[in-house]
1. Looking at segment 24-37, can you tell me whether even one residue there is assigned to a strand (DSSP E or B) and surrounded by 14 or more Cβ atoms within 10 Å (Cβ to Cβ)?
2. Right, residue 110: under 30 Å from residue 143 (Cβ atoms) and modelled with pLDDT of 95 or more or not?
3. Is it the case that some residue within segment 38-48 is β-branched (Val, Ile, Thr) and either in contact with a helix residue (DSSP H, G or I) (Cβ under 9 Å, 6 or more places away or on another chain) or assigned by TED's automatic domain parsing to the domain that holds residue 145 (or both)?
4. Quick check on residue 104: is it modelled with pLDDT under 95 and either surrounded by fewer than 18 Cβ atoms within 10 Å (Cβ to Cβ) or under 30 Å from residue 164 (Cβ atoms) (or both)?
5. Somewhere in segment 119-126, is a residue part of a loop (DSSP other than H, G, I, E, B) and not assigned by TED's automatic domain parsing to the domain that holds residue 45?
6. Residue 140 passes all but one of (1) more than 17 Å from the chain's Cα centre (by Cα); (2) in contact (Cβ under 8 Å) with a residue 24 or more places away in the chain; which number fails?
7. Scan 117, 123, 148, 152 and give me the residue that is surrounded by fewer than 15 Cβ atoms within 10 Å (Cβ to Cβ) and either under 15 Å from the mean Cα position of the chain (by Cα) or closer than 18 Å to residue 166 by Cβ (or both).
8. What pairs come out if I take residues in segment 65-80 that are under 20 Å from residue 22 (Cα atoms) and pair them with residues that are among the polar types (S, T, N, Q) and surrounded by fewer than 20 Cβ atoms within 10 Å (Cβ to Cβ) whose C-beta lies under 7 Å away, six or more apart or interchain?
Amino acid sequence: MDLVIGRVVKPHGVRGELVVDVRTDEPDLRFAPGTSVRGLLPRAKGTRTFTVTAARNHSGRLLVSLEGVAGRDAADELRGVLFVIDAADVDSGDDPDEFYDHELAGLPVRTRDGEEVGTVREVIHLPASDLLAVTAADDGREILIPFVREIVPEVSRGDGIVIDPPDGLLEG
């Protein structure tokens with residue numbers, strides 16, 4: 001499974017720099033000079049590995065230079081490229097309250113009483129809060145569960161997710 005760490009928005013200037021929409025908590029590590037990044041080319045044209053030659057912040061944006069990308073035209077051809085890493089290379093560490101989406105997908109969900117609710121399909125990120133999209137165990141419908149401590153008091157990568165749903169949340 002690939003995790004997106006950035007997306008090429010557009011070229012910047014005439015020397016081939018790229019404006020990258022950052023989608024990682026560690027841009028200094030992921031886009032450090034000398035680092036290889038894998039790019040998913042738009043329109044299903046495959047993948048390509050790039051070497052970062054420079055990265056800098058400019059007016060709240062990350063500007064990245066890549067080996068072999070010289071000039072505005074070459075940079076413009078990369079518009080829309082998604083930079084990705086392998087999810088297996090990422091671990092959220094020892095913090096019990098920090099998770100990456102791929103660590104939650106597939107975990108079983110049950111109530112405090114032990115009732116099986118379903119399986120996490122994905123995490124949906126919204127401005128107000130995140131939601132767990134859960135596939136119901138009984139009929140396969142989608143249940144959206146607010147990913148807040150009051151409703152999701154326990155998360156374990158090994159044992160799954162325990163929820164304390166308010167009345168009506170699980171009813172379809």
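1. Scanning segment 24-37, I find at least one residue that is assigned to a strand (DSSP E or B) and surrounded by 14 or more Cβ atoms within 10 Å (Cβ to Cβ), so the answer is yes.
2. Yes: the conditions hold for residue 110.
3. Taking segment 38-48 and keeping what is β-branched (Val, Ile, Thr), we get 47.
Filter once more, so that each one left must be either in contact with a helix residue (DSSP H, G or I) (Cβ under 9 Å, 6 or more places away or on another chain) or assigned by TED's automatic domain parsing to the domain that holds residue 145 (or both): none.
No, there is no match, as no residue in segment 38-48 is β-branched (Val, Ile, Thr) and either in contact with a helix residue (DSSP H, G or I) (Cβ under 9 Å, 6 or more places away or on another chain) or assigned by TED's automatic domain parsing to the domain that holds residue 145 (or both).
4. Yes.
5. Within segment 119-126, the subset part of a loop (DSSP other than H, G, I, E, B) is 126.
Now narrow it down to the ones that are not assigned by TED's automatic domain parsing to the domain that holds residue 45: 126.
Scanning segment 119-126 turns up at least one residue that is part of a loop (DSSP other than H, G, I, E, B) and not assigned by TED's automatic domain parsing to the domain that holds residue 45.
6. Every condition holds for residue 140 apart from (2).
7. Details: 117 fails: surrounded by fewer than 15 Cβ atoms within 10 Å (Cβ to Cβ); 123 fails: surrounded by fewer than 15 Cβ atoms within 10 Å (Cβ to Cβ); 152 fails: surrounded by fewer than 15 Cβ atoms within 10 Å (Cβ to Cβ).
Going through 117, 123, 148, 152 in turn, just one is surrounded by fewer than 15 Cβ atoms within 10 Å (Cβ to Cβ) and either under 15 Å from the mean Cα position of the chain (by Cα) or closer than 18 Å to residue 166 by Cβ (or both): 148.
8. 65/53; 66/51; 66/53; 67/51; 67/53
The values are calculated or read from the model by the stated rules, or taken from the named source; none is laboratory data. Fair warning: this is a prediction, and the values are worked out from it, not measured in the lab. Cβ: placed from backbone, ideal geometry, glycine included. Neighbour counts: every protein chain shown.
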